[in-house]
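K.L.:
Sending over a structure as structure tokens; questions will come in a sec.
The values are calculated or read from the model by the stated rules, or taken from the named source; none is laboratory data. Keep in mind the model is a prediction, meaning the values are calculated, not measured. Note that we place each Cβ from the backbone using ideal geometry, even for glycine, and neighbour counts take in every protein chain shown.
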Amino acid sequence: MSEFDLDLPLQTSSNPAIQQAFKAVQYLQQRLRSVIIGQEAVIDQVLTALLAGGHVLLEGVPGVGKTLLVRALAQTFGGDFKRLQFTPDLMPSDVTGHYMFDGKNNSFILRQGPVFTNLLLADEINRAPAKTQAALLEVMQEQSVTLDGKRHDLTLPFMVLATQNPIEQEGTYPLPEAQLDRFMFKVMIDYPTAQDEKALVQAVISSPDNDLLQAKQNNGVTLSSNQIIGLQKMVQQITVDPQIIDYVVRLVATTRQWHGLSVGAGPRASIALISSARAHALLHGVDFVTPDHIRNLWLPTLRHRVRLSTEMEMENYRVDDVLNDIANSTNAPRL
């Protein structure tokens, strides 16, 4: 029996390994959707990033379920979850940890920071100065921390989910370009629809202690961290046609010369788009990437890596509008 055999319906791929992996992914989706009412696109994008080994920047007003989403995600595979509130006085050592002297043993011991976890919620990341934000650069890229010249590997799977408020900008620090580029996606979380909000309110007031996550425990059934790592390895087996690679490179290269953008995306965007598209294919039970997978992930992958030109900002254009123009003007391959 496969380690992903969870007795769920199958999709389209005839590859038994992909079929069993898809069952596990369906389980993750069902668990999250039982807790997060509505926001299905957000759930799929966060799961896609997890499967692809990427990190996510969540942008939305307070109270739309960002923290609940991360807690629920950690619970689906029994992962360790830590939340770090970013503030102006937060120091880099508060993020990564530091060595401290132990008088009893007359030696230095490592005091691990919050990054030593599976899922790190970096809450309101743009409230900390650039020096503190930079403490996450090595962590997000290398999945390790270097302290006093010693490298410490993190426990896998590891994922950073950072939040920022799009409205309240007073006392915030813009994220550096290098920091933004390390997020696979920038996911926008909007207000729920009226119907979803009614269902959410009813679910919360009907749950014990108004704890929706506690009320949705699924008899203790979860995947394991090793199974999540197995799914991430399965993503690497998803086929990518050379025409898809050419399509992605053409799309990203166009952002560097498009008249509505002052800053285009770099090669890391192409890599992220291909990696996430493979995970997105697995999320839908297929073993190859299509142009539709690329289009579905085009906005969350690129919106934080480009900058509007002054003219476009004055005309009240949005980054998403310009990116849609680029996607619509670029011919997709027919596979």
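K.L.:
Could you please find all residues in the range 151-201 being β-branched (Val, Ile, Thr) and in contact with an Asp or Glu (Cβ under 6 Å, 6 or more places away or on another chain)?
P.N.:
Within the range 151-201, Thr163 is the sole residue that qualifies.
K.L.:
Among the residues of the range 300-318, is there at least one that is within 24 Å of Leu50 (Cβ to Cβ) and acidic (Asp, Glu)?
P.N.:
No, because not a single residue in the range 300-318 is within 24 Å of Leu50 (Cβ to Cβ) and acidic (Asp, Glu).
K.L.:
Six or more apart or on different chains, Cβ atoms under 9 Å: show the pairs whose first residue is in the range 187-208 and surrounded by fewer than 16 Cβ atoms within 10 Å (Cβ to Cβ) and whose second is of a type in the set (Lys, Arg).
P.N.:
Ser207/Lys216
K.L.:
Quick one: is Gly63 free of Cβ contacts under 8 Å to residues at least 24 places away in the same chain and over 14 Å from Ala162 (Cα atoms)? Please lay out each step first, then the result.
P.N.:
Details: free of Cβ contacts under 8 Å to residues at least 24 places away in the same chain: yes; over 14 Å from Ala162 (Cα atoms): yes.
Considered against the rule, which asks whether it is free of Cβ contacts under 8 Å to residues at least 24 places away in the same chain and over 14 Å from Ala162 (Cα atoms), Gly63 comes out as yes.
K.L.:
Looking only at the range 274-321, filter to residues that are among the aromatic types (Phe, Trp, Tyr) and not in a helix (DSSP H, G or I); which one of those is modelled with the highest pLDDT?
P.N.:
Quick first cut of the range 274-321, residues among the aromatic types (Phe, Trp, Tyr) only: 288, 298, 317.
Filter again for not in a helix (DSSP H, G or I), leaving 288, 317.
Details: Phe288: 94, Tyr317: 90.
Here the residue is Phe288.
K.L.:
Next question, about the same structure. Sort through Arg334, Arg268, Arg303, Arg307 and tell me the only one that's over 23 Å from the mean Cα position of the chain (by Cα) and not assigned by TED's automatic domain parsing to the domain that holds Phe77. Break it down into steps so the answer makes sense when it comes.
P.N.:
Details: Arg268 fails: over 23 Å from the mean Cα position of the chain (by Cα); Arg303 fails: over 23 Å from the mean Cα position of the chain (by Cα); Arg307 fails: over 23 Å from the mean Cα position of the chain (by Cα).
Of the residues listed, the single one that is over 23 Å from the mean Cα position of the chain (by Cα) and not assigned by TED's automatic domain parsing to the domain that holds Phe77 is Arg334.
K.L.:
Could you please let me know if Gln237 is among the polar types (S, T, N, Q) and farther than 22 Å from Gln141 by Cβ?
P.N.:
Details: among the polar types (S, T, N, Q): yes; farther than 22 Å from Gln141 by Cβ: yes.
So Gln237 fits the description; yes.
K.L.:
With Thr254, Thr239 as the choices, which residue is under 14 Å from Trp298 (Cβ atoms) and either without any contact (Cβ under 8 Å) to a residue 60 or more places away in the chain or hydroxyl-bearing (Ser, Thr, Tyr) (or both)?
P.N.:
Just a single option satisfies the conditions, and that option is Thr254.
K.L.:
Can we say Leu223 is surrounded by 18 or more Cβ atoms within 10 Å (Cβ to Cβ), under 28 Å from Thr155 (Cβ atoms) and either among the hydrophobic types (A, V, I, L, M, F, W, C) or at pLDDT 95 or above (or both)? Please lay out each step first, then the result.
P.N.:
Values: surrounded by 18 or more Cβ atoms within 10 Å (Cβ to Cβ): yes; under 28 Å from Thr155 (Cβ atoms): yes; either among the hydrophobic types (A, V, I, L, M, F, W, C) or at pLDDT 95 or above (or both): yes.
Yes: the conditions hold for Leu223.
K.L.:
Please go through the range 69-98 and give me each residue that is closer than 22 Å to His152 by Cβ and touching a Lys or Arg at 6+ places or on another chain (Cβ under 7 Å), ordered by number. Can you show your working first?
P.N.:
Applying the first criterion (closer than 22 Å to His152 by Cβ) to the range 69-98 yields 74, 79-84, 86, 90-98.
Scanning the range 69-98 gives Phe81, Phe86, Pro92, Gly97, His98.
K.L.:
A further question follows. Of all residues in the range 96-110, count the ones that are of a type in the set (Ser, Thr, Tyr) and surrounded by 11 or more Cβ atoms within 10 Å (Cβ to Cβ). Let's see the steps before the verdict.
P.N.:
Looking only at the range 96-110, we keep the residues that are of a type in the set (Ser, Thr, Tyr), and these are 96, 99, 107.
If we keep only those that are surrounded by 11 or more Cβ atoms within 10 Å (Cβ to Cβ) as well, we get 96, 99.
Counting residues in the range 96-110 that are of a type in the set (Ser, Thr, Tyr) and surrounded by 11 or more Cβ atoms within 10 Å (Cβ to Cβ) gives 2.
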